[in-house]
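Visitor: Quick one: the structure is below, and I'll ask about it shortly.
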Amino acid sequence: MESVKIDTKGQDCPLPLIALKNALAEAEEGQEIELEFTCPEATVNLPNHCQEAGVEILSFDKNESKSWTIKVRK
């Protein structure tokens with residue numbers, strides 16, 4: 001099963017969160033999703049959603065390009 005990569009750079013909240021929720025809804029159990037975003041609010045919203053939904057966060061990194069990448073496993 002392939003990992004899913006989503007680019008929401010330049011999109012404000014709640015669009016990165018909506019993109020993650022949609023990807024999780026379509027993903028198979030165990031599938032990895034990598035989301036890149038620039039919205040500072042999402043640095044709080046995305047990990048909070050993952051914790052509430054029981055989604056495993058594999059990594060959460062700040063990139064040099066003033067963006068962040070969160071990688072999760074459903």
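Visitor: Tell me, what is the percent relative contact order of region 4-73, built from C-alpha pairs under 8 Å that lie six or more residues apart?
Guide: In percent, rounded to a whole number, it is 35.
Visitor: Provide the gained length on full extension for the span E26 to D12, in nm with one decimal, where the gain is 0.36 nm per separating residue minus the Cα-Cα distance.
Guide: That works out to 2.8 nm of additional length.
Visitor: Residue-wise, which Karplus ³J(HN,Hα) couplings in Hz belong to region 38-43, taking 6.51 cos²θ - 1.76 cosθ + 1.60, θ = phi - 60°, and x for glycine or proline?
Guide: Calculated HN-Hα couplings, in order: 10, 6, x, 4, 5, 5 Hz.
Visitor: Let me ask something else. Could you tally up the Lys pairs in the chain with alpha carbons closer than 16 Å? Skip any pair fewer than 8 positions apart unless they're on separate chains.
Guide: Total qualifying Lys-Lys pairs in the chain comes to 9.
Visitor: Classify the chain: rounded, prolate or oblate, from the alpha-carbon gyration tensor (a ≥ b ≥ c, eigenvalue square roots; a/c under 1.5 rounded; otherwise prolate if a/b is larger than b/c)?
Guide: Prolate, because a/c is 1.5 or more and a/b exceeds b/c.
Visitor: With labels modelled as points extended 7 Å from the Cα through the Cβ direction, what inter-label distance (nm, one decimal) is found for H49 paired with K66?
Guide: Computed distance between label sites H49 and K66 equals 2.3 nm.
Visitor: Using r as the Cβ-Cβ distance of V4 and I57, and R0 as 22 Å, what FRET efficiency do you calculate, to the nearest 0.05?
Guide: Using R0 = 22 Å, I get an efficiency of 0.90.
Values in this text are rule-based calculations from the coordinates and carry no lab data. On a predicted model such as this, the values are computed, not experimentally measured, just so you know. Ideal geometry is used to build each Cβ from the backbone, glycine not excepted, and the neighbour counts take in all protein chains shown.
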